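Below is one structure, written out as C-alpha cells, with a few remarks after it.
Taken together, the values in this text are just the output of simple stated rules run on the coordinates, not laboratory data. On a predicted model such as this, the values are computed, not experimentally measured, just so you know. Glycine also receives a Cβ, built like all others from the backbone with ideal geometry; neighbour counts cover every protein chain displayed.
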Amino acid sequence: MSPEHNEGPFGSWRHVFKLDPDRTITDEVLEAVCLSGTDAVLVGGTTGVTYDNTVDLLSRIRRFEVPCALEASSTEAAVPGFDWYLIPMVLNAASAEWVAGRQAEAIAQYGSFMPWDATWAEGYVILNDGAEAARLTGARTELTEAEAVAYARLADRLMRLPVVYCEYSGRFGDMRLVRRMREALTQARLFYGGGVADAGQARLAAEAAHTVVVGNAVYDHPAGALATVTAVKQTALL
Ligand code: 1GP
C-alpha cells in the first residue's frame with residue numbers, strides 16, 4: 001500500500017489549514033480560508049478549547065463546502081458533526097499519559113458513542129521545544145535524525161498509524177529531517193506543521209511532506225497563509 005492510498009480521508013490531502021477555536025478569526029478571513037482550495041480545515045488547539053468555541057467555529061465553517069475534521073485533544077471539545085475525527089498520540093511525550101492514557105480515559109467515557117468509522121489516530125512527533133504542545137506533554141524534542149526516523153517507523157510499521165505528524169508548531173523546521181521521516185514510511189502519511197507563513201516556505205515543506213499544515217499564519221499573516229495553498233499544490237514531493 002503506498003502512502004497516497006492509505007485508509008482515511010487524508011490520502012489526497014496536500015494542504016490543510018488548522019484553525020484554533022480559542023483564537024479570533026474574522027468572517028472575511030474565514031471565508032477566504034474556506035474558499036482557498038485547501039483540501040481540508042482541521043479544527044484544534046492546545047489550550048482554551050471548549051465545547052462552545054468548537055461548536056461556534058464548526059458552525060461558521062459549515063457555511064462553506066470545505067471538508068472539516070476535528071483534532072480532538074480533550075473530551076471537553078468532543079463535538080459531533082465534523083466529517084472526521086483525528087486523535088493525537090504524542091509518541092515522544094515524557095509520560096504515557098499523552099501517548100495512550102488520556103485517549104483510553106476518553107474511550108472509557110465516550111467509546112460507545114464515538115464515530116469509529118470516521119476516527120483515526122495521528123502519531124505526533126514534536127520537535128520544537130518552544131511549542132506549547134511540547135511544554136504540555138514534556139516532549140523530548142532534541143532528537144537525532146535516527147531517533148526521529150525511528151519514531152516515524154514505529155508509528156508506521158509497529159503501530160500502523162495512518163498519519164505521522166511532524167510538529168514544529170510556531171517555528172519552521174528542518175526539512176531534511178522531515179523528508180527523511182517521510183521516506184521511512186510505507187503506508188502512513190507524513191503531515192508537517194510549523195511556521196509555514198508564505199509561498200516559499202510552503203514549497204519547501206511540500207517537497208518534504210505529504211501534507212502541509214498551516215496554522216498560526218492564518219491569524220498573523222492571512223495573505224501569506226492564503227498564498228501557501230497554490231504553492232503547495234504546484235509543488236511535487238522530492
Ligand atoms: C500546529 O502544526 C500546526 O499544530 C501548524 O503550525 O501554527 O506554526 O503553522 P503553525
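Worth pointing out:
- Percent RCO, i.e. relative contact order, over the chain, from Cα pairs under 8 Å lying at least 6 residues apart: 20
- For segment 114-210, the alpha-carbon coordinates run over 36, 29, 29 Å along the three principal axes, in decreasing order.
- For segment 129-148 versus segment 167-190, the inter-centroid distance based on Cα atoms is 13 Å.
- Over all other residues within a Cβ to Cβ distance under 15 Å of residue 16, the charged ones net out to -2, with Lys and Arg as +1 and Asp and Glu as -1.
- Total formal charge among the other residues, if their Cβ is under 14 angstrom from that of residue 28, Lys/Arg +1 and Asp/Glu -1: 0
- For GluC sites (Glu not before Pro), the sites in segment 22-70 that DSSP calls loop and that have at most 14 other Cβ atoms within 10 Å are 65.
- When the Cα convex hull of segment 63-136 is projected onto planes of every orientation, the mean area is 5.9 nm².
- Scaled radius of gyration (Cα, divided by 2.2 N^0.38 Å) that the chain gives: 0.93
- Segment 176-225: equivalent-ellipsoid semi-axes (sqrt of 5 x gyration tensor eigenvalues, Cα, Å): 23, 10, 7
- Percent of C-alpha pairs per 10 Å bin, segment 1-135, short to long: 11, 40, 38, 11, 0
- When +1 charges are put on Lys and Arg Cβ atoms and -1 charges on Asp and Glu Cβ atoms, the dipole computed for segment 1-77 relative to its Cα centre reaches about 100 debye.
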